[in-house]
């Protein structure tokens, strides 16, 4: 009887030692795993920075003079302007967007144009930014017209006509601008640059 | 001491794996750079073509010359090395410039632009004879945008 009790007590003690030992191993493994993940996180960030620095350096290494740096500012402006223009053309073609969404998106184009205007110094580029601005005004006019805001529509259309007249357009009549905008909405509404 | 050693191994192996993976992911920025290069080139080309179609001769000339200058600078970008669309757009811009000068009676300048267009197409691996390009210029001149009076 007493030997059974001793055996049972010994078995219980061994079980609890095994249990505590297993937990300790698990905790250690989790701690080392966590350390590994911390290292991997820091390493990924450092690696990403190094990789992107390498790519950016390779991309822009030929641009060092003030003139070349001015080109890069124009380059960035044109890229941003085209991306927001494509996005707004796509939204204008998509019936699921309402007037509010379209208005907001077209204002992003105006913001990009304004930013581009502060960065560009070349008169040819400034004229092209005016053209993009004029077309965006005409788009806003058409959005307001569709929303039933006729006075706002008229104001935007007049602004479009003024901008495009200054850009040297021969025909800046309202019907002509509508045609151009519709054609451009169709042409630019795409998710890939270079579509012809 | 042994635990500290294991901590160091775990951390440094994580760092090593992370740096390798992160460096690889960092090269993905190449795709973003190509996207921006294509956007800038297409955006400028589209707007200068619009000016050619819609604006008076002086503004059309300014826009197309601006684009050819812009594309020359762009060719220094690493991402532009494989962009054949930029060379096509540049060649077309030179042909339009040749048409403008042809209409203005500046034959020698028109020919120079034809040669520039030829060079641009050659850079993308297409040898087009000068006579063929002259035909294109004649076609562009004959399909000149109508000169509507401003309203």
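Scan segment A:90-98 and give yes if some residue there is within 14 Å of chain B (Cβ to nearest Cβ), part of a helix (DSSP H, G or I) and touching a helix residue (DSSP H, G or I) at 6+ places or on another chain (Cβ under 7 Å), otherwise no. Scanning segment A:90-98, I find no residue that is within 14 Å of chain B (Cβ to nearest Cβ), part of a helix (DSSP H, G or I) and touching a helix residue (DSSP H, G or I) at 6+ places or on another chain (Cβ under 7 Å), so the answer is no.
Yes/no matrix, rows are residues, columns are (1) crowded, with 22+ Cβ neighbours inside 10 Å; (2) over 30 Å from residue A:68 (Cα atoms); (3) over 18 Å from the mean Cα position of the chain (by Cα); (4) within 8 Å of another protein chain (Cβ to nearest Cβ):
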| site | (1), (2), (3), (4) |
| --- | --- |
| B:34 | no, no, no, no |
| B:55 | yes, no, yes, yes |
| B:81 | no, no, no, no |
| B:85 | no, no, no, yes |
| B:112 | no, no, yes, no |
| B:125 | no, no, no, no |
| B:130 | no, yes, yes, no |
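Considering the conditions (1) more than 21 Å from the chain's Cα centre (by Cα); (2) assigned to a helix (DSSP H, G or I), residue B:105 is excluded by exactly one of them, (2). Give me the residue from segment A:57-71 that is surrounded by 15 or more Cβ atoms within 10 Å (Cβ to Cβ) and either part of a loop (DSSP other than H, G, I, E, B) or more than 7 Å from chain B (Cβ to nearest Cβ) (or both) and, out of that set, nearest to the chain's Cα centre (by Cα). Step by step, filter segment A:57-71, then rank; the result is A:60.
Listed here are the helices (runs of 4 or more DSSP H) enclosed by segment B:1-79 that have at least 1 residues being over 30 Å from residue B:101 (Cα atoms): B:2-26, B:29-54.
Readers should treat all values here as calculations from the given coordinates under stated rules, not as data from a laboratory. Owing to the predicted nature of the structure, the values given are computational and were not obtained by experimental measurement. Note: ideal-geometry Cβ built from the backbone for every residue, glycine included; neighbour counts use all protein chains shown.
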